[in-house]
Amino acid sequence: MHPFISVIIPVYNVQFTIESCFLSLKNQTIGFENLEIIFVDDCSTDNSPTIIGNYEKKYDNVKAIYSKENSGVAGKPRNMGMNIATAKYVMFLDPDDTFTVDACEVLYNEIEKSKADIVSGLHSKKNKFNNNEEIFPGLIINTFSDPEKSWSDRQGDVDVFKQKYPKHFYMDSIEDKFSVLGNFGLSSKIFNLDFIKSNNISFPEYIPGEDSVFLFNALINANGIAFINKIIYSYTTFRDGDNKSVSFQVDLDKNLGRIKAYSLMLEISEEKGIVDEYVHYILANKLTYFLKNFIIKPEYIPETDMSCIFDKGYDLFNEVNKRDNGVLSPEFKNIIENIANRNYDETITACYEYKRKYFSNSVKVNKKTIPFAKDMNVAVVLDPFTYNSYSNEFNAIPVEPENWHEKFEREDIDLFFCESAFSGVGEGNLVEGIAVENNYSPWGGKIGVNLIHGWDSRNQLMDILKYCKEHGIPTIFWNKEDPTSFDNPNYNFIDTALHFDYIFTTDEDSIIRYRARGHENVHVLLFASQINLFNPISTKRSNDIIFAGSWYNQFENRCKTMCDFFDKIINSKYGLKIYNRASDSTAENRMFPAKYDPFIYPKVSFDKMPSVYKESKMALNINTVTDSHTMFARRVYELMSSNTFILSNYSKGIYELFKDNVIYLDRIDSLDLSEEEISKICEENLYDVLQNHTYSNRFKYILNCIGFKYKESIEEVNIIYKAENDDEIDEIIADFNSIDYYYKNCFILSKNVNLKKSVENKDNNITFMDYENIYFLSENSSDENYFLFRNMDNKINSDFIKKALLHYKYLENNIGIKENNEKYVFNKTREYEDTLFNMSQFDNIIEVLLKYRINKFSVYNI
């Protein structure tokens, strides 16, 4: 049978959403057999290619084709799909969205009846959990007629919309109603494929906005355009944050791609002689939307990028400036006029003013309700190690001597955090969000002072402190060099610290020394572990003992200790691997003794250190400072959170925190340790660090010390039990009470509605649920909440939930956590009971519970 419609679906890393998309096609009232489904994979790196390949094997009307290279956007995959489509009509669907059940039938019947080249319905925003639909104004209402309105302002009630507008609307060509050009809802439409091919209409490739160009070209060439007042397509509101749609990416290439798309439409309109209509109904509003959402609203767009975009898009902005007939608001009229006059500096200033007026104000209103720590904007001057340690705990905004004022003016800064930095981090150090050590040193020599020669290059730093004082921004200085460098005259940080509102030091004993210099707001701040990097996720480990550090000839005691330890390890049953952090240095005082050359490996960059720390079961730590009660190497925390056993020289600070859970090599004669002992100590250290010694803990400690209010998230856990008779209730209550976690809720799920009264009589704090109302849990929960389906036939440790929530600090929300003897490894399973899940996964589990589908879940064992 020849298919009625070819449905083309571009695919890229959508393994978790593609099934719901496919099911919406299988359930079409037109008959699944009357559809030709064409999946086009754009070099996915997840399981998407396997999934669509399985569909092709199972169904004769499904085709799966695979691009040889990733194109980055959907244009090329859609063109590939059209090239092999065999039906008379074609539709397009994104793999994370769905058609309404009769979408294909309704559009097919209308296009057959009307003989139009294009038929369009409406599309909606659909809540994944409660199925509520909100109208996304369709072609009859120009979606972009008022770009100043928010998404929510441009929505309306579906029923009101249907009553207000006719069920059907037809026009012979776009000339009948040019205003319909303003909407580009690709998936709410059906196209005559012969019309598309005969007019050589295709998607531009490698640029975003490709659907806008395709639709514009199709609409202005169509003979017959029909509209149906019915929702065809549902846009899902809950998408994977890590798989952000290209539509909302704001890097320079994507923004230039959008400019290219608008330029292609301008060329087409010039050929058709409809430039006035294009500018009035599309371009003016598109450029306003573009400026607002991709230039002004994003957290940071470099000014050089902004100037480049304005220059590349000059012809577009100039056309709008020449032809504006009142569509533009005064603010955007001023911005576009400046671009048309090539006054790019004035344009950038106007963009900043707009952001402060419309976006910064809303942020300040929100902050009256107190922000979460992670949402705070913190301007930072930090070296790479510290930047990587703290950047996940707040919105870290690295400032440089040349751009600090621009960033403070543009961002709504809450705090200024500076450390005893030797180089600092700037844009030249950041690679995919990770700060790397290289020759770029924006703050080199500009934080401390040379007391011997009187060199002082702190002008920009002092200007920042003056600005912060004038604007009421608290300033924090952390001296991580205490106590060893407190009195170092070559590069001293003490005078710098005294200019800040608050001083933090790694050495508790140094507090009195700062206070003796007249500063009262001084606190201790220890190192910690960044568990997003240093965590126990399992790897294959060797029996070598790893040391990642440097040789310092100037510290005689340290050198002697290192030699003693290295020799002890070499003469034991263990191997030795030394990663020399100064391997690229030619300084004599950084050279390890030649006898250790066979054991030395080159230094490893910071982003590779987590792998090094988990390369072996054991690692060596050497402390230069041994008599401080609080100061010791940060690697101790990092190794512990990596589930790696630590050998070290004795240190007061380590012993006071961890007692004998570190083996002090200078206090034992030989390395004779049992696997059981090592495992026990590692687990105790791991949970100590996860609970008490992360950089999240440290940042909240800073906020508490300076009296900065922030909001704490509460992680509620919904524990769900299945029961069918009264006899089970007491056992359930006892089990629930045995679980050692305060923010827990008890639910009893049952098909026996008569059980509800018994549950309420037993305990008012227990909630009865029947299977029909089970979805209310997800409707009333957030991603800060979790759930667990309890199986009473199994035992779980009373502290399981507490421990599992600690692991969620570094795991993705789509991972479940389960107790298992094989710890810190991932596996796939269909078993969901006694596994803690984030509430974002609730509907997936319910689909299995209700036997709608068979899912495998990613689970992490602890």
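The set of residues in region 533-543 being buried (at least 18 other Cβ atoms within 10 Å of the Cβ) and in contact with a Phe, Trp or Tyr (Cβ under 8 Å, 6 or more places away or on another chain) consists of F534, N535, P536.
Give region 709-743 a look and list any residue that's outside any loop (DSSP other than H, G, I, E, B) and of a type in the set (F, W, Y), or say none.
Y721, F736 - these are the residues of region 709-743 that are outside any loop (DSSP other than H, G, I, E, B) and of a type in the set (F, W, Y).
Only one entry in A516, A548 is among the small types (G, A, S) and either in contact (Cβ under 8 Å) with a residue 40 or more places away in the chain or within 22 Å of S611 (Cα to Cα) (or both), namely A548. Of all the residues in region 321-333, those that are on the phi < 0 side of the Ramachandran plot and either in contact with a Ser or Thr (Cβ under 9 Å, 6 or more places away or on another chain) or not in a helix (DSSP H, G or I) (or both) number 6.
Under the condition of being under 17 Å from E847 (Cα atoms) and of a type in the set (A, V, I, L, M, F, W, C), the residues counted in region 747-791 number 8.
When region 179-200 is filtered for residues that are at pLDDT 80 or above and more than 13 Å from V90 (Cα to Cα), the ones remaining, listed by number, are G185, S198, N199, N200. With respect to the conditions (1) modelled with pLDDT under 90; (2) β-branched (V, I, T); (3) part of a helix (DSSP H, G or I), I301 falls short on a single one, namely (3).
Criterion applied to K333, K355, K322 was being more than 30 Å from N697 (Cα to Cα), surrounded by 13 or more Cβ atoms within 10 Å (Cβ to Cβ), among the charged types (D, E, K, R) and modelled with pLDDT of 85 or more, and the one residue passing it is K333.
For region 558-574, the set of residues classified as surrounded by 13 or more Cβ atoms within 10 Å (Cβ to Cβ) and in a loop (DSSP other than H, G, I, E, B) consists of S572, Y574, listed by residue number. The residues of region 652-672 that are part of a loop (DSSP other than H, G, I, E, B) and crowded, with 17+ Cβ neighbours inside 10 Å amount to a single one, V662. Being at pLDDT 85 or above and surrounded by fewer than 21 Cβ atoms within 10 Å (Cβ to Cβ) is a property that does not hold for N243. Of all residues assigned to region 14-31, at least one qualifies as being of a type in the set (D, E), under 34 Å from the mean Cα position of the chain (by Cα) and at pLDDT below 95. One residue stands out among those in region 433-489 that are within 22 Å of F632 (Cα to Cα) and of a type in the set (S, T, Y): the one that is surrounded by the fewest Cβ atoms within 10 Å (Cβ to Cβ), which is T484. Among the residues of region 673-711, those identified as within 17 Å of I654 (Cβ to Cβ) and free of Cβ contacts under 8 Å to residues at least 60 places away in the same chain are I681, C682, E684, N685, D688, N692. Taking only pairs six or more apart or across chains, which ones have beta-carbon atoms under 8 Å, a first residue in region 726-741 that is surrounded by fewer than 16 Cβ atoms within 10 Å (Cβ to Cβ), and a second residue that is in a helix (DSSP H, G or I)? Sorted first by the residue in region 726-741, then by its partner, the pairs are D726/L755; D726/S758; D730/K762; D740/I801; D740/K802. Restricting the search to strands (runs of 3 or more DSSP E) fully inside region 1-102 and requiring at least 2 residues that are within 17 Å of F191 (Cα to Cα) gives 5-11, 35-41, 89-92.
The values are calculated or read from the model by the stated rules, or taken from the named source; none is laboratory data. Model, not experiment: these values are computed from the prediction. Because the Cβ atoms are built from the backbone with ideal geometry, glycine has one as well, and the counts that use them run over all protein chains shown.
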